[in-house]
Structure formats: C-alpha cells, structure tokens
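Novice: Attaching a single structure in structure tokens format; questions to follow.
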Amino acid sequence: MNDRQIYESSFQSTVDAEIERTLAGDKMIYRSLYLVIATTIMFGAFGGIVGWLLAILTPDYYRSRFDALDSEVWQIAVGSGVTQGLFVGALVGCVVLLATAWYRSRIKAAIVQQFQQQVQDN
C-alpha cells in the first residue's frame, strides 16, 4: 500500500465517522418525529389557554361570531384555540424539521466536497 492509499483510507474513515456523527442515522428520524409532536402539543395547549383567556376577557366576541349562549362561550373559545394551536404547532414543527434536514444535507455535501478536493490535491 503506498502513501496515497494510506492517506485516502484514513481520510475516508474520518469522513465516514464525521458523516455518521452529524447525521445520526435512524435517531434523526425519531428526533424529528418527536419534535413535530412536541411542538404540536405545546402550541395546542398554548392555543387553548389563549382561547380561554379571550373567553374570559372578551366573551362578546365569541357570542357574536358563533351565536353562542353564555355557557358555551368558553367551550367554543378553548376548542377553537386548541384547534388553531395544533395546526400552527404542526406547521412550525414541520418547518423546523425541513430546515434541519436541509442544513444537515448541506453539511454532508460540504464534507464530501472537501474530501474530493483533498484527494485531488494529493
């Protein structure tokens, strides 16, 4: 084995280790799924709290929008707040997931490009 082959072999193992470390294989899929679920739940809870506060502070808004009785105002407010919060949470989680995936793909491409450049230089 000549010096060039030894260099390429050691550099390739370093690149493989770096790619494996940054991408983290199957764990990335589960972390991404947990991220979307967590943001969906958090935003849903936050939306419910905001809806409940709006029902307390401005009950006339919901009465006029939904033809609701006094006893139904808080139910409508919390229900619509949770629904909107769940939608926004899922959307935010998916946007963060896509941004992270794009960023990691760019890291991998940069590592491969750097490897190719160093092999050509030697």
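The values are calculated or read from the model by the stated rules, or taken from the named source; none is laboratory data. These figures come from a predicted structure and were not determined experimentally. Here Cβ is always computed from backbone atoms with ideal geometry, including for glycine, and neighbour counts include all displayed protein chains. Just so you know, the surface numbers come from the protein's heavy atoms only, side chains and all, with ligands and any DNA or RNA stripped out. Shrake-Rupley method; radii C 1.70, N 1.55, O 1.52, S 1.80 Å.
Novice: Within the stretch 66-122, can you find the residues that are among the small types (Gly, Ala, Ser), in a helix (DSSP H, G or I) and over 19 Å from residue 34 (Cβ atoms)?
Specialist: Pass one, the stretch 66-122, residues among the small types (Gly, Ala, Ser): 68, 71, 77, 79-81, 85, 89-90, 93, 99, 101, 105, 109-110.
Narrowing further to those that are in a helix (DSSP H, G or I): 77, 79-81, 85, 89-90, 93, 99, 101, 105, 109-110.
Result: 77, 79, 80, 81, 105, 109, 110.
Novice: Take residue 61 and tell me if it is without any contact (Cβ under 8 Å) to a residue 12 or more places away in the chain, within 23 Å of residue 35 (Cα to Cα) and open to solvent by 60 Å² or more (accessible area, probe 1.4 Å). Working first, answer last.
Specialist: Numbers: without any contact (Cβ under 8 Å) to a residue 12 or more places away in the chain: yes; within 23 Å of residue 35 (Cα to Cα): no; open to solvent by 60 Å² or more (accessible area, probe 1.4 Å): yes.
No: the conditions fail for residue 61.
Novice: While we're here: Among the residues of the stretch 1-33, which ones are closer than 19 Å to residue 86 by Cα and either modelled with pLDDT of 90 or more or open to solvent by less than 90 Å² (accessible area, probe 1.4 Å) (or both)?
Specialist: Once the filter is applied, which keeps residues that are closer than 19 Å to residue 86 by Cα and either modelled with pLDDT of 90 or more or open to solvent by less than 90 Å² (accessible area, probe 1.4 Å) (or both), the stretch 1-33 yields only 32.
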